[in-house]
Amino acid sequence: MKQRSLLLIDSSINLALGILLIFFTPPVAHWMGLPVPDRLFYVNILGAVFVGIAIALAWEALRDKTSPQVGLGTAGAAAINLCGGAMLAGWLTFGRLTLSTGGAVSLWLLVVFLISISTLELVQLGRSS
């Protein structure tokens, strides 16, 4: 099997798992015979990271192989960080989380950091292409 095909299969599996975890609800858990956690926060964040990994794998599979870049690189890192940061921001905005002020500040700082580093990575990617 070619590397490109293997990466696309891996990407598809990660994407399916990520989407399942993002939309993981008690009815889905019961349907699958899985335990239902008290909070879906971590499940959803993990799902977003899996979607980012799927995007990174697809990017790697489809990138120009004459490029000197090896591995997932900047584009992959940006995809993973953006997906995780966006899901975290969504939870902080709409999730009705019970957080201390320090916890909320810490998580919002993490969102700002993830979005900022992703922006820098995408700018760098744009300059190098």
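Every read-out reported here was derived from the displayed coordinates using simple, explicitly stated rules and does not represent laboratory data. Just so it is clear, the structure is predicted and the values come from calculations on it, not from any experiment. All Cβ positions, even for glycine, are placed from backbone atoms using ideal geometry, and neighbour counts span all protein chains on display.
What is the calculated FRET efficiency for residue 20 to residue 62, with r their C-beta to C-beta distance and R₀ = 25 Å, to the nearest 0.05?
Numbers: r = 24 Å, r/R0 = 0.94.
About 0.60, to the nearest 0.05.
Can you give me the relative contact order of the stretch 31-129 as a percent, contacts being Cα pairs under 8 Å and 6 or more apart? Kindly include the intermediate steps, with their values, before the conclusion.
Values: 82 pairs, mean separation 30.2, N = 99.
Once divided by the residue count of the stretch 31-129, the mean separation gives 30 percent.
Taking the beta-carbon count within 10 Å as an exposure proxy, list 87, 32, 1 from fewest neighbours to most.
Placing the least packed residue first, the sequence is 1, 32, 87.
Could you give the spread of the C-alpha atoms of the chain along their three principal axes, from largest to smallest, in whole angstroms?
49, 36, 15
So what is the calculated 222 nm ellipticity per residue for the chain, using -39500 (n - 2.57) for each DSSP H run with n of 4 or more, over all residues, to the nearest 500 deg cm²/dmol? Kindly include the intermediate steps, with their values, before the conclusion.
Working: 5 runs with 99 residues, N = 129.
Here the helix-only value at 222 nm equals -26500 deg cm²/dmol.
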